[in-house]
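Notes to accompany the following structure.
What follows draws every value from the coordinates through simple rules; no lab data is involved. Everything numeric here is computed off the predicted structure, so don't read it as measured data. We place every Cβ from the backbone using ideal geometry, glycine too, and count neighbours over all the protein chains shown.
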Amino acid sequence: MNFLLWWGVAWRFLWRSRKSTGTLAAMIVSAVATLIFLDALSIGVSDAMIRNSVSLVSGHVMAEHIPAGIAPETLRIAGVQHVLKRRTSQVWLRHGGQMAATALVTVDPDAERNATALWRKTSAGRYPRAGQKELFLGEAVARTLGVNIGDTVLVGTTPTRTGRELVLCGTFRTGIAPLDQGLSFCPNLQAGARDDWDAALFLADGVSAESVQGNLRLPASATVTTWAERMPDLKQLIDLNSLCMLLVMILVFFIVSLGIACAFVIFILKNIREHGIMKSMGVFSGETVLLLVLEISGLTLAASAVGVALGCALTWLVAGPGVDLGALTSHNQYFAVSGVIHPRLTLLSLALPPLLALLFALLAGIWPMCMIARQRPAEVLRSI
Amino acid sequence: MITITGVTKAYASSRGLVPVVDGVSFSLDAGRSLAMMGRSGSGKTTLLYLIGGLERPDSGQIFCLDQPVHSLTGRSLAGFLRKEVGFLFQFGNLLSYLTVAENVAFPLRLNNVPVAECTRRVHELLEKIGLASAAGALPRELSGGEIQRVAFARAVAHRPRMLLADEPTSSLDSGTAYALMDLMFRIGREEGRTTLVATHDPAVTALADRTLHLQDGKIVEENDD
């Protein structure tokens, strides 16, 4: 078969029947562009949930029980943007006659402010300052203790033993119960030194937490967990979101493909005369099918390319400022910091819509292709 | 050489099977021309399609250029059509999305003629039919006479050994029709082509070597020059 001949004929058929080609192309362009943008939005939602969840405190990867001899720089491998050094101890807080158990995390306030978003959730007072004997406490715990900003809180490792005194500089409220009720923060070395330390690793956009987890070289005594391991509920929610988006894509294309199928059937049957004439000139059935496949795939791929470009442009336009869904997410723990969605493209979100378009277009063409390939030229010629 | 023996063809209709070609037999030497005369519905077009393999006979045998056309199917039939046969239809039937030059070149490209040879042959034919200046025009831009001339050029472009023409002049005025027929028979003789024309134009019979008169699917009269 002379592939170049048939490609040339297919191209001329498409180019010289511009109205039909344009109508079909417009349907494919709009479907592909819409799906690319929707998928980018869906990925943006997942990104926002992860970003919101990890940016408060934990980071994408958390390493615990790191021996004191290991420097934080050791953990700054490819893809890691910030390494926050912390120490965590279980303590009792006392004020007046009230007590509350909490995990007290010693932090470098400047580094934390640079990498995390917890300081933005300050409900009263302010975030601690480096070198100060200050305490940053969940609003609910502060209420339990009956403590106000500027009051002194006693910190001990048992309910009865009094250790150090810290001044409450601020309270926070995230809406996430384990965080609001289970964690408190003070600047470095205020909660007592221990041999080992913990690290919260914040990754650059698009870097896989699992790959960083696998690439960290730490002693066996250290434990490294990713956000997905610490928050399986969030992982499931994101997987569910992706699955729903895939189903939406297939369903949308199934519905759109009905329209595309009708248009393709009309497009192919409109040219039945040409196919009858070509058959009378000795064109093989296989060549007729090749011509139709080239027409369908050429049109679909060209229209898909435009659709991809349009979808990318739309995503790029929206990704900068983002879509503020704050009004819809303000009570959702996975949007504790910000409800702004930044659509993001992935290779899969760019490839899947065109592939679905091609698949459904070829499926739509099967029936008219079979019909034309099997029709005797005399039947067509008599009907002209 | 074309040899047709006892060929019949009937179509199913609400009145039952209607015979369109009924026991036709004749032969024609290679390089000769034949005009098939008859009124509408006499079976001229069907007989032409049967000889060209576009229809299959219900019974009888058709041998064209040593090929058993009555039993050819699929690739062998398509191969026979693309190499040995040129069809000239009543209304030209040009491929509407191809230009004049592309239409004429199409059978050459189908037969894998090199592009340079293809271009030369197309130019030569368009010169012969007086349409070299319309090479880039689409069929919708041409008149009826021009369409038929291009259709003729396409039908003979690959130098088929047999040309089958189905009422090629019915949509043309007498002057244009005569010019086309003259061109067809003249080039046919030059290239040693066997030419069969279905027509109801008596003027065509004067140009053909032989004439068959058909009525109700049967040969009722036969004239040799």
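Starting with the fewest neighbours, write out A:Leu348, A:Leu243 ranked by other beta-carbon atoms found within 10 Å of each beta-carbon. Please list the in-between numbers first.
Working: A:Leu348 13, A:Leu243 10.
Final ranking by Cβ density, sparse to dense: A:Leu243, A:Leu348.
Across the residues of B:51-62, average count of Cβ atoms on other protein chains within 10 Å? Don't skip to the end; give the middle numbers.
Details: counts 0, 3, 4, 10, 6, 2, 0, 0, 0, 0, 0, 0.
If you average over the peptide's residues, the count of other-chain Cβ atoms is 2.
So, counting K/R as plus one and D/E as minus one, what does the shell of residues with Cβ under 12 Å around A:Ser184 add up to?
Values: positive: none; negative: A:Glu134, A:Glu139, A:Asp180.
Summing Lys/Arg as +1 and Asp/Glu as -1 gives -3.
Place a +1 charge on the Cβ of each Lys and Arg in chain A and a -1 charge on the Cβ of each Asp and Glu, then give the dipole magnitude about the Cα centre in debye, rounded to the nearest 20.
Working: 31 positive and 25 negative charges, 177 e Å.
Rounded to the nearest 20 debye, it is 860 debye.
Rounded to whole Hz and in sequence order, give me ³J(HN,Hα) for the range A:146-154 from the Karplus expression 6.51 cos²θ - 1.76 cosθ + 1.60, θ = phi - 60°, writing x for Gly and Pro.
Using θ = phi - 60°, the values come out as x, 9, 10, 4, x, 6, 9, 10, 8 Hz.
Can you list residues whose amide H is under 5 Å from B:Gly86's amide H, if they're 5+ apart or on another chain and H is modeled 1.01 Å from N?
Here the answer is B:Met162, B:Leu163, B:Leu164, since their amide H atoms fall under 5 Å of that of B:Gly86.
Would you mind putting A:175-183, B:162-170, B:87-95 in packing order, based on average other-beta-carbon counts within 10 Å, highest first?
On the way: A:175-183: 16.2, B:162-170: 23.8, B:87-95: 22.2.
Descending packing order for the listed peptides: B:162-170, B:87-95, A:175-183.
What percent of all Cα-Cα pairs in the range A:33-157 falls into each 10 Å bin, going from 0 up to the bin containing the maximum distance?
Reading upward from the zero bin: 10, 33, 31, 17, 7, 2, 0.
Which order results if A:Asp151, B:Asp209 are arranged by neighbouring Cβ count within 10 Å, fewest first? Display every interim value, and only then the final one.
On the way: A:Asp151 15, B:Asp209 19.
Arranged by neighbour count, lowest to highest, A:Asp151, B:Asp209 become A:Asp151, B:Asp209.
Tabulate in residue order the Karplus-calculated ³J(HN,Hα) for the range B:92-108, using 6.51 cos²θ - 1.76 cosθ + 1.60 with θ = phi - 60°, rounded to whole Hz; enter x for Gly and Pro.
Per residue, the Karplus-derived 3J(HN,Hα) values read x, 6, 6, 6, 5, 9, 10, 6, 3, 4, 5, 4, 5, 6, 4, x, 5 Hz.
Enumerate the calculated ³J(HN,Hα) couplings along the range B:187-197 in order (Karplus 6.51 cos²θ - 1.76 cosθ + 1.60, θ = phi - 60°), each rounded to whole Hz, writing x wherever the residue is Gly or Pro.
Coupling constants for the range B:187-197: 5, x, 5, 4, 9, x, 8, 7, 10, 10, 10 Hz.
Springs between alpha-carbon atoms under 10 Å, Gaussian network over chain A: tell me which of A:Pro128, A:Pro67, A:Pro187 tops the mean-square fluctuations.
Result: A:Pro67 has the largest fluctuation of those listed.
Over chain B, one equal point on each Cα, no solvent: what is log10 I(q)/I(0) by the Debye formula at q = 0.07 Å⁻¹?
Log10 of I(q)/I(0), two decimals: -0.21.
Hey, what number do you get for chain A at 222 nm if only DSSP H runs of n ≥ 4 count, each worth -39500 (n - 2.57), divided across all residues, to the nearest 500? Write out the running numbers ahead of the final one.
Details: 13 runs with 205 residues, N = 384.
Calculated from helices alone, the mean residue ellipticity at 222 nm is -17500 deg cm²/dmol.
Using only DSSP helix segments of four residues or longer, with each worth -39500 (n - 2.57), what per-residue ellipticity at 222 nm results for chain B after dividing by its residue count and rounding to 500? Walk me through the numbers before you get to the answer.
Values: 7 runs with 80 residues, N = 225.
Rounded to the nearest 500, the figure is -11000 deg cm²/dmol.
Give me the dipole magnitude in Debye, nearest 20, for the range A:111-266 about the Cα centre, with unit charges on the beta carbon: positive for Lys and Arg, negative for Asp and Glu.
Values: 14 positive and 14 negative charges, 88 e Å.
Once rounded to the nearest 20, the dipole reads 420 debye.
How much net charge surrounds B:Leu172 when only the other residues with a Cβ under 11 Å from the Cβ of B:Leu172 are counted, with Lys and Arg +1 and Asp and Glu -1? Let's see the in-between values first.
Numbers: positive: B:Arg149; negative: B:Glu146, B:Glu167, B:Asp173, B:Asp201.
For residues surrounding B:Leu172, the net value is -3.
For chain A, what are the per-bin percents of Cα-Cα distances with bins 20 Å wide, up to the bin holding the maximum?
Result returned by the calculation: 23, 36, 22, 14, 5, 0.
Anyone know which of A:His60, A:His275, A:His342 comes out most mobile in the 10 Å Cα GNM of chain A?
Maximum fluctuation in the GNM of chain A, among the listed residues, is at A:His275.
GNM, chain A, Cα, under 10 Å: largest mean-square fluctuation among A:Gly97, A:Gly322, A:Gly339?
Residue with maximal mean-square fluctuation among A:Gly97, A:Gly322, A:Gly339: A:Gly97.
Could you pull out every residue, at least 5 positions away or on a different chain, whose amide H is within less than 5 Å of the one on A:Ala124? Hs are placed 1.01 Å off N in the peptide plane, and Pro or chain starts have none.
Placed amide hydrogens put A:Thr171 under 5 Å from A:Ala124.
How do B:Lys218, A:Lys270, A:Lys121, A:Lys279 line up, fewest other C-beta atoms within 10 Å first?
Numbers: B:Lys218 15, A:Lys270 11, A:Lys121 21, A:Lys279 25.
The most exposed by this proxy come first: A:Lys270, B:Lys218, A:Lys121, A:Lys279.
For the protein assembly as shown, give the share of DSSP beta bridges that are antiparallel, in percent and rounded to the nearest 5; count only bridges with both residues there. Write out the running numbers ahead of the final one.
On the way: 59 of 87 bridges.
Antiparallel bridges: around 70 percent, rounded to the nearest 5.
Cα centroid distance between the range A:331-357 and the range A:68-142, in Å?
Each part reduced to its Cα centre gives a spacing of 31 Å.
Taking the Cβ of A:Gly125 as the centre, find all other residues whose Cβ is under 11 Å away and add up their charges (Lys, Arg: +1; Asp, Glu: -1).
Taking every Cβ under 11 Å from that of A:Gly125, the sum is -2.
If amide H atoms are built 1.01 Å from N in the plane of the peptide, which residues on other chains or at least 5 residues away come under 5 Å of the amide H of B:Val20?
Under 5 Å from the amide H of B:Val20 lie the amide H atoms of B:Lys9, B:Ala10, B:Tyr11, each far enough along the sequence or on another chain.
So for the range B:106-209, what are the equivalent ellipsoid semi-axes in whole Å, largest first, each being the square root of 5 times an eigenvalue of the Cα gyration tensor?
Details: eigenvalues 104, 59, 23 Å².
So the three semi-axes of the range B:106-209 are 23, 17, 11 Å.
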